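Please treat every number below as a calculation from the coordinates, not as lab data. Since the model is a prediction, treat every value here as computed from it, not as a measurement. Every residue, glycine among them, receives a Cβ derived from its backbone with ideal geometry; neighbour counts consider all protein chains shown.
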Amino acid sequence: MSAANYLSLPPSDALRWFKVLAVFRFAAAQGQHPGFDLPPDRLPLHVDPPDEPRTILIVDDQPLLREAVGEYLAMQGYEVKLADSGCEAMQLIEDGLLPDLVLCDVMLPDIDGGSLVREARLMLPDLKMLFISGYPPETVAARIGDEEFLQKPFRLDVLARRVRSLMSRDCMQ
């Protein structure tokens, strides 16, 4: 998902468009028609693109969540790459992907998020991570230590603020 493929709108309109897009994609994933068509000449939107392109790698085994969060972050101006497993994420990094942030589910089908971050940081020592999980924080802490964590379900605006905060820490160092 490339931020370059998006048009700009004010944040309230962009969030409204995202909700329409989410309903459309959810219905399509269920094999149903949502009851409306997207205008062929309108693409999704982004808000306040960053000064320099930033890349986020999203690693989650839930396709709808992975794609919806990816779409929303692309609307925020980020370059987004998606992986459905820890192995796929590591392959992307080994192939030269240099993400500014990895947004990762704690429990993946092939490896837990804590193990993934340890492996990834062997190649990218300063890699920023934001873990997400539906498990309670006390359960997750044993797997990820003191890494950044966001409890599922989360609001997309809360996610966007956390991502911006982590990215801005990078600029201050």
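What's the magnitude of the charge dipole for the range 132-173 around its Cα centre, counting Lys and Arg as +1 and Asp and Glu as -1 at the beta-carbon? Answer in Debye, nearest 20.
Charge dipole of the range 132-173: 200 debye, to the nearest 20.
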For the range 127-173, one quarter of the surface area of the C-alpha convex hull, expressed in nm², comes to 3.5
Rounded to one decimal in Å, the inverse mean reciprocal Cα-Cα distance for the range 47-173, i.e. its Kirkwood radius, is 14.5
Length gained if Gln62 through Met107 is fully extended, taking 0.36 nm per residue and subtracting the Cα-Cα distance, is 15.1 nm
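Residue separation times 0.36 nm, minus the C-alpha to C-alpha distance between Glu119 and Asp146: what's the value? Don't skip to the end; give the middle numbers.
Numbers: separation 27, 0.36 × 27 = 9.72 nm, distance 1.67 nm.
Contour length minus Cα-Cα distance gives 8.1 nm.
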Interchain or sequence-distant (5+) residues whose placed amide H lies within less than 5 Å of the amide H of Phe149 are Phe131
Sorted by chain and number, the residues with a modelled amide H under 5 Å from that of Leu108, at a separation of 5 or more or across chains, are Gly113
